Amino acid sequence: MTACRRSLVVLFPAALALVLTLHGIASRSIWIDESASVTIASQHGHALVAGIAHDGGNMLVYYLMLHLLVGAFGDSELVVRLPSAVATSASAGLVALLALRLFSTRAALAAGLLSAVSLPLVFWGQNARSYALMVTFVVASYLAFLDLVDDAAGARRSRWPWIAYVLTTVLGCYMSFVTVLVVPAQLAAMFVVRPSSRTVRAVVTALGTAAVACVPLALLATRRGSGQLFWVVRPTVTGLDQLAGYLASSAVLPNFHLTATSDVLLVLTGVLVLLAGALGLSRPARPVMSVRVPALDPAPTRHPLGSEGRTRWSYVFVCTWLVVPVVLDLVESFVGPSTFVPRNLLMCVPAVAVLLGAGLTDVRVPRPVGWSALALLLVLRGLQVAPSYGVSPENWRAATSDVLEHTAPGDCIAFYPSDGRMAFDYYLGHTRADMRRAPRPVLPSAPFDEVRTYVEDYVSLGARQLVRVERTCPRLWLVTSHSGQPDGTATSRANYERFVALVADVQHSYASWRVRSYGWASPVRVELLTR
C-alpha cells in the first residue's frame, strides 16, 4: 500500500465534502440561532463577554473565532459559514484517516465518502453555529485517543498523542458542552480490553488536564444554569425518529421535508449497521497488526490490546462511540433537565459512517456485494442532500424583504421574541439609508443603529406601551418566530400564551390585518396591522 494511495483515501472525501458544503452555502437564509452567532461575534469588549456569558460559555471559542473573522472580512453568509464548511471537510478526511488506522484502505475510502455525503453534516456545514466544528474535534479526539492508547500499550513513547488528545477534547468542549458525552464512550472502549496500568495512567492524566482546562467553561455553565434549555422536552417518539434520521443521514427534521427515498435509506442504513456490528463483534479474538500511517510510524507494530484481537476491538471502539453518547443523553434527559436534541448527537454520525465502511469492506463480504451496497447508500444519501440546497426552512431573508418593500412612512415594527430582531437586522443592513427605510422599532424599542444581543427575550407589549403604539403608529408590523410551543415545556407554553395574548391585543387595537408566513420548521410570521 503506497503512501500516495493512503493520502488519496483521506484527501478525496475531504475534497468532496468541501465541494458539497460550499455549493449554495450562501443561498439559504440565516435562521434565528445563526443571527445570534453573528450578533454576539460582532460585539466588542464587555458586550462580547456578556453575550458569551449569557450563553453559559457554550461555543465560547467559536464566538471568539467568529469575532476575529467578522472583524477582518465582514459578516456575509459566506464568511460566517465558511468555518463550518472547512470543519465538515476536515471531518470527512479525519473519519477516513481513523478508519484507515482501525481497518483498511477500502474501509477508509467508504467511511470518508459516507461522511462527505451526509445531509446532517452538510447542513450543519452550511451553518454559522459550532456543531460542525464540534464534530471535527470529536473525530480528532478519537484519532488522538487511538494514538494515545497505542502509544501507551506499545514500546513506542511520545508526548504528541497525549497533547493532541487533551487539545482536541478541550476544544471540542469549548465548541459545545455535549462533547463530554464521548469521553465515557472512549473509556468504555478502553476498559473492555483490560488495559495496562500505563495506558490507564496516560488516559487519566490527559482527562484530568482537560478537566482543569474546562474549569472556566464549567463556571460559566453553572452560573447560567439550565435556563437556555427551557424549550427542550423529554425524549418522545417524534424526537427518537428525528434522531434516527440524523444517524442514518436520511433526514433533518423538521428543517427539510422527507423525500421519496428517505425511509428507504433509513431502513437500509439500520439493517446494514446492525449487520456490520454483528459481523465485527463476531470476529475471532486474535491479535493483529496495528495499522499506522507511514508518515507517523513507518514500521507497523504488534499491539494486542488485551485479550481481544485488534480488529474486533476496533468494532467495539466504533460501536461504543455510536451507542454510549445516545444512551447517556437519553438517561440525562429523563433524569435531569432534558438535552435531547438530535443536533446534540451529531458527533455520532461519523461513527455510523466508520461502522458501515468497515462492515461493507470486511473480508468476509464479497467485494461486489459490499461495493454495490456502498454505491446504493451514496446515491440514496445524495438524493437527500440535493433537494436541501437553497431551501430556507426559516426564511428571514424573505420576511425582511417583505417588510422593507411594503413599509410606509410612520410604520412601526415589533418582534416576539425580541431575538427575531437580530435576524431582521442582519438583512436590513447598516447604512443610514437602510435605517431610514425600516419601520420604527417599538418592541424592542432601541433604534436599529444600536446593535444589541437578544437571546431568549420573550418580552411583550404592556398595556401602556400598547396604547402608545396604537396612538403613534398608523400601521404596525408584528414579526414573530420561535414564539413558544402550545404542547411544549411549561416555559414554552407560557411563552406561547404570551404570544397569543399579544396577537389578540394588537388585532383588537387595529381595524384590519394581513398575515404572511415564511418557512415551515420555525416559520417567520409577518403580520401587518392597519387602523
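Derivation of every value follows stated rules applied to the coordinates shown; laboratory data play no part. Keep in mind the model is a prediction, meaning the values are calculated, not measured. Cβ: placed from backbone, ideal geometry, glycine included. Neighbour counts: every protein chain shown.
Modelled spin labels at His257 and Val451, positioned 7 Å past Cα toward Cβ, are 3.6 nm from each other.
How much FRET efficiency would the formula 1/(1 + (r/R0)^6) give for Glu405 and Ala504, where r is the Cβ-Cβ distance and R0 is 22 Å, rounded to 0.05?
Efficiency, rounded to the nearest 0.05: 0.20.
Between Thr222 and Ala490, the contour length at 0.36 nm per residue exceeds the Cα-Cα span by 94.3 nm. Counting only cysteine Cβ atoms and a cutoff under 4.7 Å, the chain contains unmatched residues Cys4, Cys173, Cys214, Cys319, Cys348. Taking all Cα pairs closer than 8 Å and separated by 6 or more residues, the relative contact order of segment 396-530 comes to 28 percent.
So how do Thr472, Thr39 line up by other beta-carbon neighbours within 10 Å, fewest first? Kindly include the intermediate steps, with their values, before the conclusion.
Values: Thr472 11, Thr39 23.
Fewest to most other Cβ atoms nearby, the residues stand as Thr472, Thr39.
The C-alpha atoms of segment 396-530 occupy a region whose extents along the principal axes are 42, 29, 25 Å, arranged from largest to smallest. Each residue of segment 158-164 is assigned a 3J(HN,Hα), and the resulting list reads 7, 7, 4, x, 5, 5, 4 Hz, derived from the Karplus form 6.51 cos²θ - 1.76 cosθ + 1.60 (θ = phi - 60°), x at Gly and Pro. For the chain, the relative contact order is 18 percent, taking Cα pairs closer than 8 Å that sit 6 or more residues apart in sequence and dividing their mean separation by the residue count.
With r as the distance between the Cβ atoms of Val331 and Ser7 and R0 = 45 Å, compute the FRET efficiency 1/(1 + (r/R0)^6) and round to 0.05.
Numbers: r = 41 Å, r/R0 = 0.92.
Given R0 = 45 Å and the Cβ-Cβ separation, E is 0.65.
Computed from label points 7 Å out along Cα-Cβ, the spacing between Val267 and Ala433 is 5.7 nm. The separation of segment 460-491 from segment 94-122, counted between C-alpha centres, amounts to 49 Å.
Charged side chains reduced to their Cβ positions (Lys and Arg at +1, Asp and Glu at -1) give the chain a dipole of some 1240 debye around its Cα centre. Across segment 264-276, computed HN-Hα scalar couplings (Karplus, 6.51 cos²θ - 1.76 cosθ + 1.60, θ = phi - 60°) run 4, 5, 4, 5, 4, 5, x, 5, 5, 5, 5, 5, 5 Hz from first to last residue, x flagging Gly and Pro. Centre-to-centre separation between the Cα atoms of segment 22-66 and those of segment 196-222: 27 Å. Modelled spin-label separation between Leu207 and Val365, with each label point placed 7 Å from Cα along the Cα-to-Cβ direction: 3.1 nm.
Listed values (1) 23.0, 85; (2) 23.6, 78; (3) 25.0, 82 include one computed from this model; for Rg and Dmax of the Cα atoms in Å that value carries the label (3).
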